[in-house]
Amino acid sequence: MRLRLLATVVTFASIALIVAGCSSPPSASSSLVAAPQSTATANGAAMASTLAYIKAGLPNLKGASIAYLAECASQNAYCQTRWTAAQKAAKDLGAKATLFDAGFDTAKQLSQTQDAIQRGFDGYVLAPVADAPGCANFKLLQATGKPIVNINSPMCGNTDYTKGTVGFVGIQTQSFFRQHAENAFASCKGTCNALALGGSVGSDLFTRWDNAIKEAAAKYPNVHIVSQPSDFDPAKALSITQDTLSSTPDLQMVLCGWDDATRGVEQAILAAGKKPGKDVRIYSAGASAAGVAKVIAGTWNETSIELPYEESYYGFAELAKAMATGKSTPGFTDLAQSPVVVNGPGSIFVQANNAANFTPEY
């Protein structure tokens, strides 16, 4: 069957995240230890090195100052959990972390970067709002000669690690979203009609999501996929899913890039007189407390794991390593290889058969 891409939008600018559900993050002892240019692969070396460094005992940085230049910190539960982990890591290191919350605003992050440079921090944790502006900020920070770790979102046209940083920690790469889509598409035994709902038009996150959907669809030509932005908004997800069900009554699956928005997908399926998870399969992402509960209940088929606590904590650990020893952690510290995943559900896909082995972080 020939592939039909009915509505695909690909653009590039700023990143946005909206997350639902919040629970207490894990303690460090319980969970932390147990095409664009590509400069690195997630072969496990960076993760292994970082875990070993944490297990050996983090250094006392004796009041060192660290700037946490984040695209978000207070806007949603994901960002809040990441800032909680940053503060815990700083405390464990005997350092002081200062928050610069850009609120998904590239201009604001540039101004904050310039301010941080003027204030003379000893190291920087950078979660860029967007690829190109983030790269420009990185180069400004690099001129200080102080170590910089990159978390969450790649920059400088790289798929993951950027040379010159002391490490990259994240999971929401294009490869992650492609695995998410391929896993959903593999469930189709014959021809399938599918809807994919990503984030905001113009964001790096949507670009990676949309490109990944295209790549997965090319591998599964039996899947007829419609890809649309939903701004991670449950109301928009509801409206788009309703319209799609009206035009395509035999819709068989919906992929959604965030658990909060997936609530709207579920509502639309119910309103159409269909059973979510059965008549229309649901594949979400985020693994929030609310999302995992839906998987356990059988309402959603799956939610893919994202780990804000580890993302921040491991980033601070890699920065501390560079500050204390002068050694970096080159490569991609892929959170899919973290103990939370490997020793938990054993997969980034939380499903009914392994959900009991995963504890949501937000």
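The values are calculated or read from the model by the stated rules, or taken from the named source; none is laboratory data. Bear in mind that the values here come from a model prediction, so they are computed numbers and not experimental data. With ideal geometry, Cβ positions are generated from the backbone for all residues, glycine too; neighbour counts draw on all protein chains shown.
Tallying residues that are touching a strand residue (DSSP E or B) at 6+ places or on another chain (Cβ under 9 Å) and among the β-branched types (Val, Ile, Thr) within segment 65-115 yields 3.
Counting only strands (runs of 3 or more DSSP E) that fall entirely inside segment 137-200 and contain at least 2 residues that are closer than 30 Å to Asp243 by Cβ and of a type in the set (A, V, I, L, M, F, W, C), the qualifying elements are 192-198. All of Ala73, Ala77, Ala130, Ala67 fail the test of being on the phi < 0 side of the Ramachandran plot and at pLDDT 95 or above, apart from Ala67. Filtered by the rule that a residue be out of contact with any strand residue (DSSP E or B) (no Cβ under 9 Å at 6 or more places or on another chain) and in a helix (DSSP H, G or I), segment 231-245 gives Pro234, Ala235, Leu238, Ser239, Gln242, Asp243. What is the number of the single condition among (1) out of contact with any Gly (no Cβ under 6 Å at 6 or more places or on another chain); (2) modelled with pLDDT under 95; (3) not β-branched (Val, Ile, Thr) that Ala95 does not meet? All conditions are met except number (2). Taken over segment 108-126, the criterion of being small (Gly, Ala, Ser), buried (at least 17 other Cβ atoms within 10 Å of the Cβ) and out of contact with any Phe, Trp or Tyr (no Cβ under 8 Å at 6 or more places or on another chain) is satisfied by Gly123 alone. Tallying residues that are among the hydrophobic types (A, V, I, L, M, F, W, C) and either surrounded by fewer than 24 Cβ atoms within 10 Å (Cβ to Cβ) or within 17 Å of Ala289 (Cα to Cα) (or both) within segment 254-267 yields 3.
In segment 246-255, is there at least one residue being of a type in the set (D, E, K, R), part of a helix (DSSP H, G or I) and assigned by TED's automatic domain parsing to the domain that holds Asp210?
Within segment 246-255 (the criterion being of a type in the set (D, E, K, R), part of a helix (DSSP H, G or I) and assigned by TED's automatic domain parsing to the domain that holds Asp210), the answer is no, since none of the residues qualifies.
Screening Ala317, Ala285, Ala268 for residues that are part of a helix (DSSP H, G or I) and either polar (S, T, N, Q) or touching a Phe, Trp or Tyr at 6+ places or on another chain (Cβ under 9 Å) (or both) leaves exactly one candidate, Ala317.
If you go through segment 291-317 and keep only what is over 17 Å from the mean Cα position of the chain (by Cα), outside the structural domain of Pro128 (by TED's automatic domain parsing) and either surrounded by fewer than 24 Cβ atoms within 10 Å (Cβ to Cβ) or not β-branched (Val, Ile, Thr) (or both), you end up with Ala293, Lys294, Ile296, Ala297, Gly298, Thr299, Trp300, Asn301.
Test Ala287 against the criterion of being modelled with pLDDT of 95 or more, on the phi > 0 side of the Ramachandran plot and within 22 Å of the chain's Cα centre (by Cα), and give yes or no. For Ala287, the condition - modelled with pLDDT of 95 or more, on the phi > 0 side of the Ramachandran plot and within 22 Å of the chain's Cα centre (by Cα) - is met. For segment 115-122, the count of residues that are closer than 19 Å to Asp334 by Cβ and modelled with pLDDT of 95 or more is zero.
What do you reckon, is Gln228 assigned by TED's automatic domain parsing to the domain that holds Glu182, part of a strand (DSSP E or B) and surrounded by fewer than 24 Cβ atoms within 10 Å (Cβ to Cβ)?
When the stated conditions are applied, Gln228 passes them.
Here Ala320 meets each of (1) surrounded by fewer than 24 Cβ atoms within 10 Å (Cβ to Cβ); (2) closer than 30 Å to Gly123 by Cα with one exception, condition (1).
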